[in-house]
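The values are calculated or read from the model by the stated rules, or taken from the named source; none is laboratory data. Predicted, not measured: the structure shown is a model, and the values here were computed from it. Cβ placement follows ideal geometry from the backbone for every residue including glycine, while neighbour counts extend to all protein chains displayed. Accessible surface is based on the protein model in full, side chains and every heavy atom, while ligands, DNA and RNA are left aside. Shrake-Rupley method; radii C 1.70, N 1.55, O 1.52, S 1.80 Å.
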Amino acid sequence: MKLQVDGRKVRGEKRRAEIIAATLRVIERDGVAGVTHRTVATEAGVPTTSTTYHFSSLDDLLIATLISCARDMATEVYWMIDRARARGSRGADEVAGLLAEALGPRRGRTMAEYELYLLAARKPELRPAARRWLDVLTSMVRHDDEVSFRVFLAGIDGLLIQGLIDDEPPSADELRPVVAYLLKPR
């Protein structure tokens, strides 16, 4: 029996993904305040009716973008953990490299993701999507000590925020000792 692929559904999912990617680019460039159906449609190269068809409200669009960011981050962290385990590493090198990448070449995206993440403090409807980010990370990393793990996550958030306001992004070499300290068993 041959499976039928619904071409409309595939095209619809592709269009949704394009709109979400465009939303993230608008946030990178203009901040969350710059997100409208019109600006996102222009960025995506689609009619405004397409953005409103797939996302009836801006909150729906922002939630989908935040969830997409969380999924991308989870994938990246999963592969980072896999590489660290394969090397027999505790992960300091890998985490420092990931942070340096986030604060250097991907600085705009990191800033956009944090802006979305912080928007959840003002918009309760975004909070479940923002919490999903932490839930995914927590589920992926084996940890024996909940307090130490939360300290590690808070430290990583702090490093990212500090790195975003630095004039020059820190290098992996500069971040490595701080990450190693955060990873030390307590």
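What's the local net charge at ARG106, with K and R +1, D and E -1, over the other residues with C-beta under 13 Å away? Write down the numbers at each step before the final one.
Working: positive: ARG25, ARG107, ARG109; negative: GLU28, ASP72, GLU76, GLU101, GLU113.
Its environment carries a net charge of -2.
With a 1.4 Å probe and all protein chains kept in place, how do LEU116, LEU153, LEU58 rank by accessible area, largest first? Don't skip to the end; give the middle numbers.
Working: LEU116 0, LEU153 30, LEU58 60 Å².
Final ranking, largest accessible area leading: LEU58, LEU153, LEU116.
Tilt of helix 7-30 relative to the longest C-alpha principal axis of the chain, in degrees (0 to 90, nearest 10)?
Helix 7-30 sits at roughly 60 degrees to that axis.
Just how large is the dipole of the stretch 87-165 about the Cα centre, in debye to the nearest 20, putting +1 at every Lys and Arg Cβ and -1 at every Asp and Glu Cβ? Write down the numbers at each step before the final one.
Numbers: 12 positive and 11 negative charges, 49 e Å.
About 240 debye.
Given +1 on the Cβ of Lys and Arg, -1 on the Cβ of Asp and Glu, and no further charges, what dipole in debye does the chain carry about its Cα centre, rounded to the nearest 20? It would help to have the intermediate numbers written out before the result.
Working: 28 positive and 27 negative charges, 158 e Å.
Computed charge dipole of the chain: roughly 760 debye.
Reachable aspartates and glutamates from LYS14, Cα under 19 Å, same-chain residues fewer than 8 places away excluded?
Within the straight-line limit of under 19 Å, LYS14 reaches these aspartates and glutamates: ASP6, GLU43, ASP60, ASP72.
From the residues ALA120, ALA44, PHE55, which one has its Cα farthest along the dipole of the chain in the positive direction, the dipole being from +1 and -1 charges on Cβ of Lys/Arg and Asp/Glu about the Cα centre?
PHE55
Where in the stretch 147-186 does the amide nitrogen come within less than 11 Å of the point 7 Å from the Cα of GLU101, taken along Cα to Cβ?
Answer for this model: none.
Compute the helix-to-body angle for 146-165: its Cα long axis versus the longest principal axis of the chain, expressed 0 to 90° and rounded to tens.
It is inclined by approximately 70 degrees.
By how many degrees, between 0 and 90 and to the nearest 10, does the Cα long axis of helix 58-87 differ from the longest principal axis of the chain?
40
Among MET80, VAL95, GLY34, which residue has its Cα positioned farthest towards the positive end of the charge dipole of the stretch 1-126, with +1 placed on the Cβ of Lys and Arg, -1 on the Cβ of Asp and Glu, and the dipole taken about the Cα centre?
MET80
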